[in-house]
Amino acid sequence: MPVVDSAEAAGRRESGPGSGQSAAPGSARVGTAQTGTEQSGPDRASALSAVPAAGSRRGMPPTGCVKFFYGPMDCGKSTLALQLDHNHSRQGRRGLLLTRLDRSRTGQISSRMGLSRAAVEADDDLDIAELVRACWAEGRRVDYVIVDEAQFFTPAQIEQLTQLADDVQVDVYAFGIATDFRGRMFPGSTRLFELADEAIPLQVEVLCWCGRPARFNARVVDGVVAREGAQVVVADTAAGTGEVRYQVLCRAHHRSGDLGPDSGEGTIPLVDPR
Ligand SMILES: [Zn+2]
């Protein structure tokens, strides 16, 4: 809010008496040429910009960052979440780890490569901003929040995370899947795409059985690609975990439902990022 207010105030100053125009594109040059007093200095807006020069950021409180790392199942999101936590904690920063419906279901972030770390298991009612303030009240620092399985968080919880970034400079690193088994967005992921400073596709390529990049998480029920059902049914990508499993497919094979020659074998193994 203060940013908008000050920008508007600066705009009113610039387009005051003498300019003869409102802040339309190109009017800044006309205005400053006529008044002749404010045009110099490094903070002046470009002549091509309709935005007045109130955006230097100096004097504004810093904000935390909100980054959303997304990719299909099996692309190493939890591994990267744990690596990021390691990198930050090694330099003395303190993190709060959150997850929801992690494959281990025991209040931790666990990766398929065998790493794990204790985490707060969230539910729909958890207010993340309140949780962070409660940590602070107990004297426990929280410099950043790592959210694994971010697609399962509610849009309201995503907004709480962005408030933490904007109001109290907590950095937010969210890891999740963008789309569900039908190829439709999860609400939590949608809100992250809308609000995050950066949405970053993960670099670890996951491949369909045909060798093409796999961006779709097919739900396989009794050997057939499901087309309808509840958005959230937790199962692993490994075969033999019951009659519901997930398999990553390319768009064409997600559409056709072709699970490939070894459809009982689960996914092609994760491509090692090293
Ligand atoms: Zn394919």
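Starting with the highest mean, order 157-168, 59-70, 124-135 by the number of other Cβ atoms within 10 Å, averaged over the residues of each peptide. Mind dumping the intermediate values first?
Values: 157-168: 19.5, 59-70: 16.8, 124-135: 14.9.
In descending order of packing, they fall as 157-168, 59-70, 124-135.
Compute the Cα gyration tensor for the stretch 84-130, then decide on rounded, prolate or oblate, letting a ≥ b ≥ c be the square roots of its eigenvalues: rounded whenever a/c is under 1.5, prolate when a/b is larger than b/c in the other cases, and oblate in all that remain.
Since a/c reaches 1.5 but b/c is at least a/b, the shape of the stretch 84-130 is classed as oblate.
Once R0 is set to 22 Å, what does the formula 1/(1 + (r/R0)^6) return for the Cβ-Cβ distance between Cys210 and Arg112, expressed as a FRET efficiency to the nearest 0.05?
It comes out at approximately 0.50.
Based on the mean of other Cβ atoms within 10 Å per residue, sort peptides 94-102, 199-207 so the most packed one is first.
The densest-packed peptide leads the list: 94-102, 199-207.
Between Gln203 and Glu138, what length comes free when the chain is fully extended (0.36 nm per residue of separation minus the Cα-Cα distance, one decimal in nm)?
19.6 nm
Order the peptides 222-230, 208-216 from the highest to the lowest mean number of other Cβ atoms within 10 Å of their residues.
On the way: 222-230: 11.9, 208-216: 18.0.
Output ranking for 222-230, 208-216: 208-216, 222-230.
Compute the length gained on full extension between Ala230 and His86: take 0.36 nm times their separation in residues and subtract their Cα-Cα distance, giving the result in nm to one decimal.
Between Ala230 and His86, full extension yields an extra 48.4 nm.
Which whole-angstrom value gives the distance between the alpha carbon centres of the stretch 159-229 and the stretch 67-142?
Result: 16 Å between the Cα centres.
Once you place label points 7 Å from the Cα toward the Cβ at Gln169 and Thr63, how far apart are they in nm?
According to this spin-label approximation, the distance is 1.5 nm.
FYI, it's all coordinate maths here, none of it is from the lab. Predicted model, so just to flag it, every value in this text is computed and none were measured. Quick reminder, even Gly has a Cβ in these numbers, built from the backbone with ideal geometry, and neighbours come from all protein chains shown.
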